[in-house]
1. Show the residues, 5+ positions off or on another chain, whose built amide H is closer than 5 Å to the amide H of D186.
2. By the scheme Lys and Arg +1, Asp and Glu -1, what is the net charge of all other residues having a beta-carbon under 12 Å from that of A61?
3. Given H placed 1.01 Å from N in the peptide plane, which residues other than close sequence neighbours of L78 have an amide H under 5 Å from its amide H?
4. Got a sec? How would E199, E58 order by Cβ neighbour count within 10 Å, fewest to most?
5. Find how much the distance from F206 to V40 grows on full extension, using 0.36 nm per residue of separation minus their present alpha carbon separation; answer in nm with one decimal.
Amino acid sequence: MAADTGDLIDSSDTERYLIGGMEQFHHPRRVRAARRDGSVPTPQRRQLMAGLSGRVLEFGAGDGVKLSCYPASVAEILLVERDLFLRAAAKGVAARLPTPVQILDGDLRSLPVADGSCEAVVCSLVLCCAGRVQETLREVRRVLAPCGELRFYEHQRSGNPVVTLAESLATPLWSRMSGGCHPARDTVAAIRQAGFVIESLDRFAFRHFNHVLGVARPSAG
């Protein structure tokens, strides 16, 4: 059963107007692609979700449509979102899903979730916006069960020094326009520094910005 977030938005509006979904409002991109027989998760969202099971926590509601991309093997979804309007939008989608969903008000640096209680944590275009990314990643480690997974889809600093300089120069303005995003952040290095071992990593460009999509697990040490 979805958590009650109040009747601030008509759930039918969410499905009618936002059928393609968004990863995040400050980084608008679809989570579902239209087909003749309906819609399916985009390749990036499908890869992010592949093989998930058990209890999964994801940061950021977007418009809630991403909830419909989770595989049936997931037993419960915890969605952490500070914005009241976005929690309400996500509620409309969650109410139509067979998978139980909890929609929680929480901070990236202080998650309202018990230690070791999640088989996976999904970070999609939020680590690049975290004010203190190491504190956020410490919270991820805290809530992950032993051998749990961090699934991430994030901005990543360019490997080209000239492009990196341009990203750094653009960051102050870009950050104000894009929900605090830091396109020059070395997200992969931050994940490793937080004590994760990266098991898979794909790099690609989206609208000329470098991104990474991968899986990491807490190191044994």
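Each value in this text was obtained by applying a stated rule to the coordinates, not by laboratory testing. Nothing here was measured: the structure is a model prediction, and the numbers come from that model. Heads up, the Cβs are rebuilt from the backbone with ideal geometry, glycines too, and the neighbour counts pull from every protein chain shown.
1. It is R157, by chain and number.
2. Numbers: positive: K66, R82, R87, K91; negative: E23, E58, D63, E81, D83, D105.
Taking every Cβ under 12 Å from that of A61, the sum is -2.
3. V56, L57, E58, Q102
4. Values: E199 11, E58 25.
Starting with the residue having the fewest Cβ neighbours, the order is E199, E58.
5. On the way: separation 166, 0.36 × 166 = 59.76 nm, distance 1.97 nm.
Net length gain for the segment: 57.8 nm.
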